[in-house]
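Working notes for the structure below.
The values are calculated or read from the model by the stated rules, or taken from the named source; none is laboratory data. Keep in mind that what you see is a predicted model, and the values were worked out from it rather than measured. Cβ placement follows ideal geometry from the backbone for every residue including glycine, while neighbour counts extend to all protein chains displayed. Note: areas computed on protein heavy atoms with side chains; ligands, DNA, RNA excluded. Shrake-Rupley method; radii C 1.70, N 1.55, O 1.52, S 1.80 Å.
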Amino acid sequence: MTGDFQLEMNEYLPLRDVVFQTLRQAILKGELKPGERLMEIQLAQKLGVSRTPVREAIRKLELEGLVLMIPRKGAEVAEITIKDLEDVLEVRGALEELAVRDACDHITEEQIQALKRAASDFKKALESGDLVKCAETDIAFHDIIYSATNNRRLLQILSNLREQMYRYRMEYLKDPSTHKVLLEEHDAIRRALKKHDKVKAGNAIRVHIENQRRSIISSLRMTGRVKE
């Protein structure tokens with residue numbers, strides 16, 4: 001088994017969540033390689049825990065798209081493929097456009113101010129170079145928009161999709177050349193929502209998603225870490 005990762009203890013989290021976060025970071029950092037098998041016994045021994053929290057963590061990682069369950073083989077780290085990325089972004093683009101249009105009808109002044117603060121937090125995270133913090137603040141920005149739709153079903157679907165997007169979001173944020181554009185895109189989305197302009201909000205989110213698609217595919221192809 002590759003990787004020198006260790007259990008990242010957190011006294012405020014249940015053990016199953018600590019194991020999940022540890023394995024998740026190992027995959028996102030490349031310490032567990034695409035295609036690598038995840039053996040419950042070996043992982044449990046490496047992390048000094050029982051098999052139960054490892055099994056639960058693997059199931060959650062499967063939901064995020066980071067792990068695949070292969071019949072008669074077990075779990076392995078999912079390969080990054082162009083097809084998976086485009087499938088996820090196609091769905092995300094349609095749902096996010098629906099979300100911003102709905103949000104234009106329902107967003108409050110308080111939520112608009114929260115968006116402004118979230119955009120500022122995202123900028124600070126980018127300047128810090130902490131990729132995990134960048135991802136968290138980016139997610140927080142979009143979560144405010146989702147909440148402003150007042151559509152619980154849409155919020156639930158987008159929340160699930162967000163987990164599947166996490167790996168690709170990290171790939172996008174790794175490229176410093178995208179940061180300035182990201183800030184401009186967030187600002188365009190926020191200004192359109194502030195004006196309750198559905199057309200501009202829809203256009204802004206489409207540009208945002210398309211730029212991510214092109215940038216991530218280009219980055220993955222350049223590094224050779226992707227299957228077509």
Item to check | Filter result for Glu86 (within 30 Å of Pro34 (Cβ to Cβ) and not in a helix (DSSP H, G or I)) | outcome: no
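Please specify each residue of the stretch 10-46 satisfying the condition of being in contact with a Pro (Cβ under 9 Å, 6 or more places away or on another chain) and either without any contact (Cβ under 8 Å) to a residue 24 or more places away in the chain or not aromatic (Phe, Trp, Tyr) (or both). Show your work before the answer.
Residues of the stretch 10-46 in contact with a Pro (Cβ under 9 Å, 6 or more places away or on another chain): 14-20, 27, 44.
Listed by number, the residues that qualify are Pro14, Leu15, Arg16, Asp17, Val18, Val19, Ile27, Ala44.
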Next on the checklist: Looking for something part of a helix (DSSP H, G or I) and within 30 Å of Arg59 (Cβ to Cβ) - is there at least one such residue anywhere in the stretch 120-129?
Outcome noted: yes
Next on the checklist: I need a count of the residues in the stretch 153-207 that are open to solvent by less than 50 Å² (accessible area, probe 1.4 Å), assigned to a helix (DSSP H, G or I) and in contact (Cβ under 8 Å) with a residue 24 or more places away in the chain.
Outcome noted: 25
